[in-house]
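Have a look at the structure below, then the notes.
The values are calculated or read from the model by the stated rules, or taken from the named source; none is laboratory data. Remember, predicted model here, so these are calculated numbers, not experimental data. Cβ placement follows ideal geometry from the backbone for every residue including glycine, while neighbour counts extend to all protein chains displayed.
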Ligand code: ADP
């Protein structure tokens, strides 16, 4: 029998693209995954147990304004131009390393420094992310670094997958690159980005097996053309094949079922660790859980709620979105308020979230109705989220659907009991 050491290690080059990645920029779970999966794969490659595959994974994200305002030790890695509406858009790629992982930031006029990561302007976002997707591919060419796998994520980087499928036969550079599309949240198709794709020369897939209404949308085009599709959990991989969760693409996705897998997301337990977390009043583990109480009291004090260990402290940490069932909590609290006796019972609720302006307003109005028990913080605040996971007793997750969900994993890591829909 061959000794495994006798074999040469195969090298696998992976270009990992995402719209957001912690710690640089994070809006939701995609940021967590893009910030922790590439380092996890790199660690796997470096582990002693792995003698077969050497993984050279590199992360590329847009040089969002939020990143530009930070002081990262970046330097220029490449300059090139991207064709756009008959002109050339000059692009610069900056780079740095984070714990051995190469990170690249795409910078150019279509990624404006004052724009949020995601906006309600589908054309502006379409232009930004189509540009990002194509520039990320060109970056690989400029660096003369031929990826074996192009791993795009959600609609924002799906145009890269479509582009490679269209040009592979004529473009030697990507001829051997396989494309993988991660689906973190199917309903975000990139609707309205059709004109943006067109502006970069990516035509709709007319006459393809996609439903007609989706033939110019980034995510469906990626789903049509990816060599493989990976959903963020085995359950979600099945759910998207059903009419209930398939957002009208279920029939098409069933025709691709053999190319779809589900791999359960995870969290980086070294970054989410109550034993070492600098954000906490008191650090603790499952062995000394009583220390957690100090974090609860600190949270109550911080929010000017009654400092009472007995009072169940509920929390939500979420995008304020219909998907997340925030309206269900608002309605449930309203019911409590009119149920005799409940307004005076022991319970407190802190909601940390931002997103839909109507829900932001509704949450704010709710707090005014019961200021002794309710608090709302309408912003994105990573440090506060850590304090909430460490101090609240229970986390409410009444999501209408969850492709995977990370908040329940984080909550469990911090000994905060998640209460979720089945
Ligand atoms: P989704 O990706 O659908 O938003 P997940 O549960 O997968 O939901 O991930 C949400 C992530 O975003 C978690 O890390 C959560 O702590 C974080 N998060 C959501 N809203 C906020 C906020 N307002 N401030 C800080 N962190 C937030």
Members of the stretch 246-265 found to be in contact (Cβ under 8 Å) with a residue 40 or more places away in the chain, on the phi < 0 side of the Ramachandran plot, surrounded by 16 or more Cβ atoms within 10 Å (Cβ to Cβ) and not in a helix (DSSP H, G or I), listed by number: 246, 249, 265
Qualifying residue in the stretch 407-422 (condition: in contact (Cβ under 8 Å) with a residue 40 or more places away in the chain, within 16 Å of residue 318 (Cβ to Cβ) and near the ligand (Cβ under 7 Å from one of its atoms)): yes
Some residue of the stretch 290-305 being modelled with pLDDT of 95 or more, in contact with a strand residue (DSSP E or B) (Cβ under 6 Å, 6 or more places away or on another chain), within 16 Å of the ligand (Cβ to nearest atom) and within 30 Å of residue 150 (Cβ to Cβ): no
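Tell me yes or no: at least one residue of the stretch 123-137 is without any contact (Cβ under 8 Å) to a residue 12 or more places away in the chain and in a loop (DSSP other than H, G, I, E, B). Please lay out each step first, then the result.
Keep residues of the stretch 123-137 that are without any contact (Cβ under 8 Å) to a residue 12 or more places away in the chain, which gives 124.
Remaining after also requiring in a loop (DSSP other than H, G, I, E, B): none.
No, the stretch 123-137 contains no residue that is without any contact (Cβ under 8 Å) to a residue 12 or more places away in the chain and in a loop (DSSP other than H, G, I, E, B).
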Residue in the stretch 325-347 that is under 25 Å from residue 23 (Cβ atoms) and touching a residue at least 40 places away in the same chain (Cβ under 8 Å) present: no
Options 383, 390, 411: the member that is touching a strand residue (DSSP E or B) at 6+ places or on another chain (Cβ under 6 Å) and part of a helix (DSSP H, G or I): 411
Selected residue (only one of 343, 315 is under 23 Å from residue 370 (Cβ atoms), within 16 Å of the ligand (Cβ to nearest atom) and not in a loop (DSSP other than H, G, I, E, B)): 315
